[in-house]
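Asker: One structure coming up, written as structure tokens, with questions to follow.
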Amino acid sequence: MKYISTRGNYEKVNSAKAITLGMVPNGGLFIPESIPKLNTEEMDKMINTSYQEITANIFNKFLTDFTNDEIEEVIKKAYNNVNFDDEDLTPIKKLNDNLYIMELWHGPTAAFKDMALQMLPHLLIKSKEKLNAKEETVILVATSGDTGKAALEGFKNIEGIKIIVFYPEEGVSEVQKLQMNTTNGNNTYVVALKGNFDDCQTGVKNIFSDNEFKAKLDAENIKLSSANSINWGRLLPQIVYYFKAYFDLVKKGEIKKGEKINFSVPTGNFGNILAGYYAKRMGLPVNKFICASNENKILTDFFETGIYDTKREFHKTMSPSMDILISSNLERFLFEMTDKNSEKLNGWYDKLQKTGKFQIDEESLKKMKEIIIAGFCDEKETLKTINETYNKYNYVLDTHTSVAVKVANDLKLGKIIVNSTASPYKFSTNVLKGLGEKMQDEMKAVERISEISKTEIHRAVEGIDKKEIIHKRKTTQNEMKKVVLEILGK
Ligand SMILES: *Cc1c(COP(=O)(O)O)cnc(C)c1O
């Protein structure tokens with residue numbers, strides 16, 4: 001299996017190279033040249049196997065330059081009962097005959113990003129090993145919250161890699177800040193930045209595009225890399241849970257073999273839902289994917305009109321991990337919708353860069369709509385849905401999952417599995433508000449949710465205010481490069 005660039009501007013590479021490079025050096029994203037299929041017989045055999053075995057089957061199809069042993073090894077290291085607190089990894093809870101919740105937050109940081117970020121570091125090390133790449137890798141992350149902690153947990157204590165996370169000092173929640181600043185490990189660095197998330201992101205982008213800086217690090221045999229969802233090694237692990245969900249429902253007799261199901265996905269960067277699309281292409285019986293947005297409903301508008309328009313007001317919502325105006329993985333989906341037409345894609349993305357918007361052709365739009373239904377949910381409805389779901393089913397949703405449940409409830413599609421992307425304990429004050437109570441203090445709200453719902457506090461949050469603060473570095477956007485050099489001892 002080879003990987004090609006969405007922009008048609010790079011040679012074909014194997015998976016080890018695609019994962020090591022992260023994104024295409026000249027701009028663009030790696031995607032598999034063709035999508036491998038799982039036939040009915042292969043799928044039938046997987047119904048009664050473990051999450052790890054399903055993962056191995058899927059990885060084998062995409063990572064053809066890896067041996068079986070190498071694949072076994074990365075799976076053992078990532079998906080074990082130390083990192084995940086549920087044997088199924090992504091257990092499914094039935095709310096009613098047509099509504100199921102797939103909990104993607106049983107990893108170490110209580111967010112779905114663990115599904116990918118527990119795996120990516122091991123894929124990256126293995127890939128480097130295979131390419132005989134001996135350099136030290138420094139992962140730079142700009143985070144608005146969830147990615148930072150998930151990346152820190154994934155990469156901590158991994159040999160040959162250092163990770164530096166920048167977060168906006170005033171832009172993340174108290175729990176998120178505590179989660180990051182209490183991370184142990186011999187290779188983790190967390191830096192608070194004066195400014196907002198955009199300042200963080202711009203600062204990191206500036207470092208990546210500074211050739212002089214790069215040359216300086218090259219001379220020390222250091223390479224910069226990123227952990228965001230444009231890396232194929234982050235997308236691939238996410239294909240697995242879509243299959244797992246289907247097999248679980250078959251096993252429990254909720255659906256018949258081959259019966260089509262729907263998935264509702266709280267969407268930001270379009271990585272989660274894109275992995276689902278690849279699962280469908282591999283043969284998973286899916287009717288529709290529901291692309292659920294919060295008040296930043298650029299994708300809802302896009303799927304309706306074919307116009308992607310970033311020139312709009314940005315809303316800070318209670319589902320912050322979906323507060324995104326440029327969904328980077330959409331590029332991969334559009335590439336597929338145009339039958340891999342790089343020329344078209346280059347045209348659209350040039351327009352986006354120059355004018356802040358682009359419009360796709362009718363044919364691609366029609367094709368898109370056959371696969372995805374998009375919808376959105378405002379702040380009021382987010383709280384209302386948390387409330388109603390709790391009263392009706394005794395189940396507490398987090399704010400992101402609530403958005404996807406609301407959009408799913410508005411459609412009559414038959415059986416829908418909602419991807420639950422965060423534990424309610426991670427966004428406690430707003431979840432509690434949804435349950436009908438007000439509390440400013442996040443940790444007190446955590447305890448109160450536990451009291452009300454009689455569920456255990458997620459281990460990622462439990463007692464976090466009593467842990468030692470390890471990281472205290474602060475900086476400004478102008479000083480970021482200096483901080484990186486300081487950390488690296490250069
Ligand atoms: C990252 C994240 C999302 C968005 O996922 P994408 O793959 O970027 O679409 C949704 N919910 C939570 C809680 C997240 O952390």
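No lab work stands behind these numbers, since they all come straight from the coordinates. All values derive from a computational prediction rather than experimental measurement. Every residue, glycine as well, gets a Cβ built from its backbone with ideal geometry; the counts of neighbours run over all protein chains shown.
Asker: Restricting the calculation to Cα positions, tell me the Rg (one decimal) and the Dmax (whole number) of the range 300-344 in Å.
Answerer: Looking at the range 300-344, its Cα Rg and Dmax stand at 12.8, 38 Å.
Asker: Ranked by Cβ crowding within 10 angstrom, fewest neighbours first, how are Arg448, Arg234 ordered?
Answerer: Listing Arg448, Arg234 from fewest to most nearby Cβ atoms yields Arg448, Arg234.
Asker: Considering only DSSP beta bridges with both partners in the chain, what is the antiparallel share in %, to the nearest 5?
Answerer: Looking only at bridges with both residues in the chain, the antiparallel portion is about 25 percent.
Asker: For the range 77-121, what is the Kirkwood hydrodynamic radius in Å, using each pair of distinct C-alpha atoms?
Answerer: Mean inverse Cα-Cα distance, inverted, gives 11.1 Å.
Asker: Further, regarding this structure: Identify the GluC sites (Glu not before Pro) of the range 1-75 meeting these criteria: DSSP loop state and at most 15 other C-beta atoms within 10 Å of the C-beta.
Answerer: Here the sparse-neighbourhood loop sites are Glu11, Glu33.
Asker: With bins 10 Å wide starting at 0, give me the P(r) of the range 1-144 over every alpha carbon pair, in whole percents.
Answerer: With a bin width of 10 Å, the distribution comes to 10, 32, 37, 18, 3, 0.
Asker: Calculate the length of the line joining the C-alpha centroid of the range 473-490 to that of the range 418-465, in whole Å.
Answerer: Here the two parts' Cα centres lie 34 Å apart.
Asker: Where in the chain are the DSSP H helices whose alpha-carbon span along the long axis reaches 18 Å or more and whose Kyte-Doolittle mean is at least -0.5?
Answerer: Result, helices passing both filters: 232-251.
Asker: Still on this structure, please answer the following. To the nearest Å, what is the center-to-center distance of the range 183-255 and the range 31-103, using C-alpha atoms only?
Answerer: Cα centroid to Cα centroid, the span is 21 Å.
Asker: Taking the highest mean first, how do the peptides 432-444, 395-407, 298-310 order by number of other beta carbon atoms within 10 angstrom per residue?
Answerer: Descending packing order for the listed peptides: 395-407, 298-310, 432-444.
Asker: Viscosity 1.306 mPa s, temperature 10 °C: give me the Stokes-Einstein translational D for the range 90-213 in µm²/s, with Rh taken as the Kirkwood radius over C-alpha pairs.
Answerer: 100 µm²/s
Asker: Restricting everything to alpha-carbon atoms, can you work out Rg to Rh for the range 89-490 with a Kirkwood hydrodynamic radius?
Answerer: 0.96
Asker: Go through Lys252/Lys280; Lys354/Lys406; Lys149/Lys472; Lys367/Lys415; Lys77/Lys216 and tell me which ones have a Cα-Cα distance over 27 Å in this structure.
Answerer: Going by Cα-Cα distance, Lys354/Lys406; Lys77/Lys216 fall outside the 27 Å limit.
Asker: With 10 angstrom as the radius, rank Tyr278, Tyr242 by how many other C-beta atoms surround their C-beta, starting from the fewest.
Answerer: Least to most surrounded, the residues fall as Tyr278, Tyr242.
Asker: Out of Ser402, Val418, Tyr390, whose Cα points farthest toward the positive end of the dipole of the range 365-425 (charges: +1 Lys, Arg; -1 Asp, Glu; placed on Cβ)?
Answerer: Of the listed residues, the answer is Val418.
Asker: Give, in nm to one decimal, the length gained when the segment between Asp378 and Lys444 is fully stretched (0.36 nm per residue of separation minus the Cα-Cα distance).
Answerer: 21.2 nm
Asker: Taking neighbour Cβ counts within 10 Å as the exposure measure, how do Ile371, Ile386 sort from fewest upward?
Answerer: Lowest count first: Ile371, Ile386.
Asker: Between Asp309 and Asp410, how high is the FRET efficiency from 1/(1 + (r/R0)^6) when r is the Cβ-Cβ distance and R₀ = 22 Å? Nearest 0.05.
Answerer: Approximately 0.40, to the nearest 0.05.
Asker: Could you work out the Rg to Rh ratio of the range 311-411, with Rh taken as the Kirkwood radius (inverse of the mean 1/r over all Cα pairs)?
Answerer: My calculation of the ratio gives 1.07.
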